[in-house]
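*Asks:* Pasting a structure here, questions to come.
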Number of protein chains: 2
Amino acid sequence: MDSRIVNLRSKLDVYKGMTGGGNLADCPVREVIQGLNGKWSSLLMAALAEQPYRFGELRRLVPDISQRMLTQTLHDLQRDGYVHRKVFPTKPPSVEYSLTDLGRSMFGALHHLIQWAELNHDAVRQARAGFDATQA
Amino acid sequence: MDSRIVNLRSKLDVYKGMTGGGNLADCPVREVIQGLNGKWSSLLMAALAEQPYRFGELRRLVPDISQRMLTQTLHDLQRDGYVHRKVFPTKPPSVEYSLTDLGRSMFGALHHLIQWAELNHDAVRQARAGFDATQA
DNA sequence: TACATCGGTCTCAAAATGAGACCAGCACTA
DNA sequence: TAGTGCTGGTCTCATTTTGAGACCGATGTA
């Protein structure tokens, strides 16, 4: 396999995760990205990248998440192997969530996007304002 | 006092986009990330990073997107300043979508995440299979 | 007794999304 | 001239996802 050909794979093909002829609907890269597309996934990843947190701590840290979505998002992140869930046999039992190695690796990539947002949110906000002005 | 206060800004604070005392709910970084959390945003960004496409071309390129969501996602990406919409006065009029400079800049960061997914989707798939096995 | 804490689950309403019909205007064909 | 197709959408309705909040059982605490 010529490595030059790999480099010539288009960005879209990389996203599709196919070297040719595959079905765009069943795409491993899309599946992974979809798992991070949830409204709360990246925020919780950022929190847990800082340090491990317990369920109630996360709830207080992110006041506008419902308990239902916190449970569900943590469950999904655990399922995808990003988050480890550890139950302590206290009374009542407490649960600590932390990033796995895979989670830390993934957050390394996600962090680029967060940093970009930090640097450029003014430009985005300005673009929105300008666009909304023309649509009024 | 906690020693991590000495840290300049935690990852979570960066995500919050606040240097202190702000409200987590109104956060510029969160707003930007939310705009990319849509189910189709990153896929369309990857397509347009490859080359400009027309509406119908994108529709054929991504067979499982509904016309409704294609219109809406492109509209949102245009509103945030990532995508430029150009109408050609042909009959019937055709519309070309392309990335702006801001869009290309943002995709540079997003690309890290896509590349990570390309390299690690096997690990994620395996984590899912293992997790589902224990839950069965 | 009364009340709070732990980490959830359950129900119901609201919002986002999917599926598909429909539209106007023009070109081409029969 | 009537029919058909292409363009990029919008509109309606059903399904899915999310939000808001009540409820839970076992324990500690006032």
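*Asks:* In the range A:116-136, which residues become less accessible by 40 Å² or more once every protein chain is in place, relative to the chain on its own, using a 1.4 Å probe?
*Replies:* Residues passing the criterion (a loss of at least 40 Å², heavy atoms only) are A:W116, A:A117, A:E118, A:H121, A:V124, A:R128, A:F131.
*Asks:* To continue, here is another question. Select from the range A:28-116 those trypsin sites (Lys or Arg not before Pro) which occupy a DSSP coil region and have at most 14 other Cβ atoms within 10 Å, ordered by residue number. Can you show the working numbers first?
*Replies:* Details: sites: A:R30, A:K39, A:R54, A:R59, A:R60, A:R68, A:R79, A:R85, A:K86, A:R104; in loops: A:K39.
When the trypsin sites (Lys or Arg not before Pro) of the range A:28-116 are filtered for loop state and at most 14 Cβ neighbours within 10 Å, A:K39 remain.
*Asks:* Right, here's the next one. Need one number: buried accessible surface between chains B and A, 1.4 Å probe, both sides summed, DNA, RNA and ligands left out, in Å² to 100.
*Replies:* Protein heavy atoms only, the B-A interface buries about 5700 Å².
*Asks:* Still on this structure, I have one more. Would you tell me the accessible area of A:T134, worked out with a 1.4 angstrom probe on the heavy atoms of the protein chains, in Å² to the nearest 10?
*Replies:* Taking all protein chains as shown, A:T134 has close to 100 Å².
*Asks:* OK, next. Percent of accessible area on the range B:55-136 owned by carbon and sulfur, 1.4 Å probe?
*Replies:* Heavy-atom surface of the range B:55-136 belonging to carbon and sulfur, 1.4 Å probe: 52 percent.
*Asks:* Return the Rg/Rh value of the range A:38-135, two decimal places, where both radii are evaluated on C-alpha atoms and Rh is the Kirkwood radius. Mind dumping the intermediate values first?
*Replies:* Details: Rg = 16.5 Å, Rh = 15.0 Å.
Taking Rh as the inverse mean 1/r over Cα pairs, Rg/Rh reads 1.10.
The values are calculated or read from the model by the stated rules, or taken from the named source; none is laboratory data. This one's a predicted model, so the numbers in the text were calculated from it and none came from an experiment. We place every Cβ from the backbone using ideal geometry, glycine too, and count neighbours over all the protein chains shown. Quick note on the areas: whole protein, heavy atoms, side chains included, nothing else; ligands and nucleic acids left out. Shrake-Rupley method; radii C 1.70, N 1.55, O 1.52, S 1.80 Å.
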